Amino acid sequence: MAHIEAELFEKVRSVMPISGCCIVVFHGNTVLLLKRAVGILKNDWWFPGGILEKGESFEDCAKRELLEETGIVSPLSSLLGVHNHVIPNSHTLVLIFATMVDSPAVKLNYEHSDYRWFDIEHLNFDDADLSNIFRVALNWLGKEGGTEEARRQREQLDRYLKWVKEEGEGEGPTRLDTWFKPHQQYRLHWLKEHCIGTVMELGTCYGFALAYCEGQIGVDWNEKSISLAKILNPKKKFIVADIRKLPFAERYVDTVMAIDVLEHIPWEDIPQALKEASRVARKKLLITFPDGETDMSDATCFKHFWLGTQEKVQAIRQHFANEKVTIEKKAGFILMEVTK
């Protein structure tokens, strides 16, 4: 599109209103702000956005600015409102859009020097314009949330705040009685039936599932859980390690179980986690996680980074293009068997 010279544009902006857009980008319970490196708002933190160009629709302007400034491509809300932004030498009618993204990845262009994801529960704006725009987007988040996943994430946040108030921020082991619920029993039986040979459990907590499946090695990144597991299962081997960087040789055991771990790490780390789990498994990889298309408490747990929607299931399936993969949806869980 044709542009007028910067000097002329500044003269126009100083004497008459112009139109622009801003996009409030949510990721889980955080919101994205960019630090401006150029222009009239240099060194200020603002939402992504920019000036409406000639012949451009409001929606196209928002999509273009979001891509140019952040590298993000994401479905946008409808136009949420218009904010009258007036500062010295500038009067802009700001068209407000919002979106919810799965990944926190951001690729800045020259217009910005930094970006941050701010916790929406502890974000206070000194700038009244930012505050007003943010409230409009929060209203959209509360009513529509962009996606079903966003709605459930908000429910998770509510449970999390209640949980912290009652128990503090330290996460302890899973309650033992959890494993005796009918849907958990079904999953345990499925795991035991599909395990072969030597077995390693990733995300073992205190080793209940590992013991039930007669496995040998448990791995967890929580030192307290591993300490308890060693007391409860003294004859088994337990190691503190990260699933994304396992300290084992290739094909170390026959079966690797990743049954309560993937949903507890960021979605962008899933490819590396799957690669490591598959590397260590000689014959089978058993993966389970809550079915995100249900509203069971297991699926909408606030400790989870993502929901096991059909889209997520297929994305995980694609990591094993050269293996035989069977997938079941039973008892509120996704049950995936990868045979090498």
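The values are calculated or read from the model by the stated rules, or taken from the named source; none is laboratory data. Note that the structure is a prediction, hence the values are computed from the model and not measured. No Cβ is skipped: glycine too gets one built from the backbone with ideal geometry, and neighbour counts run over all protein chains shown.
Key figures
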{"quantity": "Residue count, segment 18-42 (criterion: polar (S, T, N, Q) and free of Cβ contacts under 8 Å to residues at least 40 places away in the same chain)", "calculated": "0"}
{"quantity": "Pairs, first in contact (Cβ under 8 Å) with a residue 40 or more places away in the chain in segment 260-286, second among the polar types (S, T, N, Q) and part of a strand (DSSP E or B), C-beta under 6 Å, six or more apart", "calculated": "K284/T255; K284/T339"}
{"quantity": "1 or more residues of a type in the set (S, T, Y): qualifying strands (runs of 3 or more DSSP E) within segment 224-340", "calculated": "253-258, 281-290, 324-330, 333-339"}
{"quantity": "Qualifying residue in segment 31-48 (condition: touching a Cys at 6+ places or on another chain (Cβ under 9 Å), more than 27 Å from W306 (Cβ to Cβ), at pLDDT 90 or above and assigned by TED's automatic domain parsing to the domain that holds N132)", "calculated": "yes"}
{"quantity": "Selected residue (only one of D291, D269 is surrounded by fewer than 17 Cβ atoms within 10 Å (Cβ to Cβ) and under 17 Å from the mean Cα position of the chain (by Cα))", "calculated": "D269"}
{"quantity": "Residue that is modelled with the lowest pLDDT [pool: residues in segment 302-318 that are buried (at least 17 other Cβ atoms within 10 Å of the Cβ) and of a type outside the set (F, W, Y)]", "calculated": "H304"}
{"quantity": "Some residue of segment 264-275 being under 19 Å from C213 (Cβ atoms), modelled with pLDDT of 90 or more and either not assigned by TED's automatic domain parsing to the domain that holds V199 or not acidic (D, E) (or both)", "calculated": "no"}
{"quantity": "All positions within segment 199-245 that are touching a residue at least 60 places away in the same chain (Cβ under 8 Å) and surrounded by fewer than 17 Cβ atoms within 10 Å (Cβ to Cβ)", "calculated": "none"}
{"quantity": "In segment 43-67, the residues that are under 16 Å from H85 (Cβ atoms) and of a type in the set (D, E, K, R)", "calculated": "D44, E65"}
